[in-house]
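Q: Following this message is one structure expressed as C-alpha cells.
The values are calculated or read from the model by the stated rules, or taken from the named source; none is laboratory data. As the structure is a computational prediction, the values presented were derived from the model and not from experiment. With ideal geometry, Cβ positions are generated from the backbone for all residues, glycine too; neighbour counts draw on all protein chains shown.
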C-alpha cells in the first residue's frame, strides 16, 4: 500500500493533466522508499457537482487521500505525507498561480484486520506472472 485517491473539481480537466498528476503522485510515493512498489495505486475521480467558497465557477479543488495499512511510525507517515504533498504542490504550481485552487491531502491508516487483500501484481513484478 498506499492507495492514493484524488477527487477533483471537473472544471480542472482543461487545465490539469490528471493522468500525469496521478503518475507524479505514484512516483512520489515510491520515492519515499516507505511503500512497496506493488502496493502503490493511484486513482482520480472527477466531481461534476460541487460548490466552493463564494460559489464562483472558476474555483477548483483537488483533495488527495492516502490510505495505508496501519503500523508505520508517525514520523515515517509524516515524512511520506510531506513528500507526496510537495510533489503535488510542485506539479500544480502553475495552475495555482493562475486560478483559485484548494489543494489538500490526508493520510490515514487502514485496519489490517478489516481489510483483506488478494492480487497477482507482486507475482508479475517478480517475473512469475
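Q: Filter the stretch 97-123 for residues that are touching a helix residue (DSSP H, G or I) at 6+ places or on another chain (Cβ under 8 Å) and in a helix (DSSP H, G or I); which is modelled with the highest pLDDT?
A: That would be 121.
Q: So, one more: Which residues, counting only those in the stretch 2-18, are touching a residue at least 24 places away in the same chain (Cβ under 8 Å), out of contact with any helix residue (DSSP H, G or I) (no Cβ under 8 Å at 6 or more places or on another chain) and either closer than 16 Å to residue 91 by Cβ or part of a loop (DSSP other than H, G, I, E, B) (or both)?
A: 13
Each row is one residue, and each column tells you yes or no for (1) surrounded by 16 or more Cβ atoms within 10 Å (Cβ to Cβ); (2) touching a strand residue (DSSP E or B) at 6+ places or on another chain (Cβ under 7 Å).
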position: 19; (1), (2): no, no
position: 30; (1), (2): no, no
position: 45; (1), (2): no, yes
position: 50; (1), (2): no, yes
position: 63; (1), (2): yes, yes
position: 71; (1), (2): no, no
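Q: Same structure again: Residue check: is residue 61 free of Cβ contacts under 8 Å to residues at least 24 places away in the same chain and closer than 26 Å to residue 17 by Cα?
A: It is false that residue 61 is free of Cβ contacts under 8 Å to residues at least 24 places away in the same chain and closer than 26 Å to residue 17 by Cα.
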